[in-house]
Structure formats: C-alpha cells, structure tokens
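*Asks:* Have a look at this one before I ask anything.
Please treat every number below as a calculation from the coordinates, not as lab data. What you see is a predicted model, and the numbers here were worked out from it, not measured in a lab. Quick reminder, even Gly has a Cβ in these numbers, built from the backbone with ideal geometry, and neighbours come from all protein chains shown.
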Amino acid sequence: DAKTTQPPSMDCAEGRAANLPCNHSTISGNEYVYWYRQIHSQGPQYIIHGLKNNETNEMASLIITEDRKSSTLILPHATLRDTAVYYCIVRVGGKLIFGQGTELSVKP
Amino acid sequence: DAMVIQNPRYQVTQFGKPVTLSCSQTLNHNVMYWYQQKSSQAPKLLFHYYDKDFNNEADTPDNFQSRRPNTSFCFLDIRSPGLGDAAMYLCATSRDPKGDTQYFGPGTRLTVL
C-alpha cells in the first residue's frame, strides 16, 4: 500500500503558486519522497525528490518538514499546462508505490 | 534526446487473442519496469528486469509475461487478454533498482474487444 495521503483535488489560479501537500507519517529514515505528475493520457513525469533537505530545480521546490512526516510541492508560477494529477510517493526498497494523487486544476 | 519509447501508443486486441507491447530506451539504463494503470486509478507495478534478472510482483497474474532480449528493449506479453486487462501500460527505466529515479514512457493504451 502507498505510504502517502494527498487531497484528491485542488484548484490554483494561473500565475499563482500552487502548494500541494502530502502526508507520509510512516516514512522510514532512509526512504525518499518523490513527486511525479501525469498529464491526461501521458506517462508520469518526474518532478523532484528529496530525503531530508528542501530541494529546488527548474520545475518545482520540495519542502520536507523536519520530522519528515509531511512535505509540500511548490510550483512557483502555475500555468494552464501544469494541470495534471500530482503523485507524492515514498520509495520503498526501490519501488514506487503510487497513491491516488492530487488532481490540480490551474484556472485562468 | 535520451528517452523511453513505447509502441504502439494505442493497441486494440480481441478477447483471448495474445498481444505484445513494446518498450525501448536510449538511456542505457539497467532496469526496465512495466506498470498497469486502469482508468481513474494509479499506476501499479507488474514486474521489472534488472539487467537479465526478472522480478515479478507477487500479485501479477500469470497471464502477464515479459521478455528483455537486450538492454534497449523490453516486451510485455499478455497471453489471453480479458476485458479486465484494458488499461494503459507504462514502461519505465532507471539505472538501478534501489536508488535511482524512474523515467516513464508515454504509455500504450490497450483496448480489449
């Protein structure tokens, strides 16, 4: 079973920051948090991952709480093309076990 | 650009007629994965190859098989497709099975008539 819980859906206004929360209260010390997104009828796209420290790349920022029980993916300036299902995944033994994800709708 | 390629993007087969889906990669990754994603559900891992070693998930039906003739190619064979096997099939690759990011192909959508 997936070790993460996410809200099923969120809306965000175009140009604003999208903050997607994820709970992973049973995460173990050496398990990474991964974020992928899936645009309709396409394969999942890797966004970012982290262990303890906050991470940033050209797509997004990942904020992990100090106790590692939750994290937030931040898309700094959401566009209509960011509309997708966003999956927060705790990688267990190398496996990605997907939960149901958050359906993000970016609106004009 | 290095990538994961799946052909065809859409496949239609008949109930009980064997079908093969293909995946190729130019990333030279050691691991290739197959996932099944049914409508409105999350992807579910079926199995993976680490080099030539095949690793099946415990709950993957026997109807699903896989072949990896070389590093670049991996095939998913469905021996006798049922209506319940209609889904998107996703191929992914990574450098190693424990600690590396997985990269996904665009998927093949299978319809069973």
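*Asks:* Please arrange A:LYS107, A:LYS95 by counting, for each residue, the other beta carbons lying within 10 Å of its beta carbon, fewest first.
*Replies:* Ascending number of Cβ neighbours within 10 Å: A:LYS107, A:LYS95.
*Asks:* Mean-square fluctuation check for chain B, GNM, Cα pairs under 10 Å: which of B:THR71, B:THR26, B:THR93 is largest?
*Replies:* Most flexible of the set in this elastic network: B:THR26.
*Asks:* I'd like the Karplus ³J(HN,Hα) series for region B:82-94: coefficients 6.51, -1.76, 1.60, θ = phi - 60°, whole numbers in Hz, and an x wherever there's a Gly or Pro.
*Replies:* x, 4, x, 8, 5, 5, 8, 10, 10, 9, 9, 9, 8
*Asks:* Turning to a different aspect of this structure: Return the percentage of antiparallel bridges among DSSP beta bridges fully within chain B, rounded to the nearest 5 %.
*Replies:* Numbers: 36 of 40 bridges.
Just about 90 percent of them are antiparallel.
*Asks:* Also: Which GluC sites (Glu not before Pro) in region A:4-108 sit in a loop by DSSP (not H, G, I, E or B) and have at most 11 other Cβ atoms within 10 Å of their own Cβ?
*Replies:* On the way: sites: A:GLU14, A:GLU31, A:GLU55, A:GLU58, A:GLU66, A:GLU103; in loops: A:GLU14, A:GLU31, A:GLU58, A:GLU66.
Here the GluC sites (Glu not before Pro) that fit, given the DSSP loop and packing criteria, are A:GLU58, A:GLU66.
*Asks:* At 10 °C and a viscosity of 1.306 mPa s, what translational diffusion coefficient does Stokes-Einstein give for chain A, taking Rh as the Kirkwood radius over Cα pairs? Give it in µm²/s as a whole number. Each step should come with its number before you reach the end.
*Replies:* On the way: Rh = 13.7 Å.
D = 116 µm²/s.
*Asks:* Given A:ALA17, A:VAL92, A:MET59, which one lies farthest toward the positive end of the charge dipole of chain A, if we put +1 on the Cβ of every Lys and Arg and -1 on the Cβ of every Asp and Glu?
*Replies:* Result: A:VAL92.
*Asks:* Next question. Run a plain Debye calculation on the protein assembly as shown (Cα atoms as equal point scatterers, no solvent) and give log10 I(q)/I(0) at q = 0.11, 0.15 Å⁻¹, rounded to two decimals, same order as the q list.
*Replies:* -0.55, -0.99
*Asks:* In which sequence would A:SER25, A:SER70, A:SER105 go, from the one with the fewest C-beta neighbours within 10 Å to the one with the most? Show your work: numbers first, answer last.
*Replies:* Numbers: A:SER25 11, A:SER70 18, A:SER105 14.
The most exposed by this proxy come first: A:SER25, A:SER105, A:SER70.
*Asks:* Could you tell me the center-to-center distance, by alpha carbons, between region B:71-113 and region A:81-96 in angstrom?
*Replies:* Distance between centres, Cα-based: 17 Å.
*Asks:* With the contact rule set at Cα under 8 Å and sequence spacing of 6 or more, what percent relative contact order holds for chain B?
*Replies:* Values: 274 pairs, mean separation 42.7, N = 113.
Value for chain B: 38 percent.
*Asks:* Return one quarter of the surface area of the convex hull spanned by the alpha-carbon atoms of chain B, equal to its mean projected area, in nm².
*Replies:* Values: hull surface 26.9 nm².
Approximately 6.7 nm², given one-decimal rounding.
*Asks:* Another one. Picking from A:GLY50, A:PRO76, A:SER28, whose Cα lies most toward the positive end of the charge dipole for region A:20-93 (charges on Cβ: Lys, Arg +1; Asp, Glu -1)?
*Replies:* Farthest along the dipole direction, towards plus: A:SER28.
*Asks:* Return the distance in nm (one decimal) between the two label points of a simple spin-label model at B:ASN7 and A:HIS40, each offset 7 Å from Cα along Cα→Cβ.
*Replies:* 2.8 nm
*Asks:* Which aspartates and glutamates have a Cα less than 12 Å from the Cα of B:LYS98, not counting those fewer than 8 places away in the same chain?
*Replies:* A:GLU31
*Asks:* Then there is this: Checking the table A:LYS52/B:LYS38; A:LYS52/A:LYS107; A:LYS95/B:LYS17; A:LYS69/B:LYS52; A:LYS52/B:LYS44 against a 29 Å threshold on Cα-Cα, which pairs fail?
*Replies:* Working: A:LYS52/B:LYS38 33 Å; A:LYS52/A:LYS107 32 Å; A:LYS95/B:LYS17 31 Å; A:LYS69/B:LYS52 37 Å; A:LYS52/B:LYS44 26 Å.
Violating the 29 Å limit, Cα to Cα: A:LYS52/B:LYS38; A:LYS52/A:LYS107; A:LYS95/B:LYS17; A:LYS69/B:LYS52.
*Asks:* Could you line up B:TYR50, B:TYR89 from fewest to most neighbouring Cβ atoms inside 10 Å? It would help to have the intermediate numbers written out before the result.
*Replies:* On the way: B:TYR50 17, B:TYR89 24.
Ordered by Cβ neighbours within 10 Å, fewest first: B:TYR50, B:TYR89.
*Asks:* Moving to a separate point now. Looking at region B:1-82, which trypsin sites (Lys or Arg not before Pro) are DSSP coil and have at most 10 other C-beta atoms within 10 Å of their C-beta?
*Replies:* Numbers: sites: B:ARG9, B:LYS38, B:LYS44, B:LYS52, B:ARG67, B:ARG79; in loops: B:ARG9, B:LYS38, B:LYS52, B:ARG79.
Listed in order of number, the matching sites are B:LYS52.
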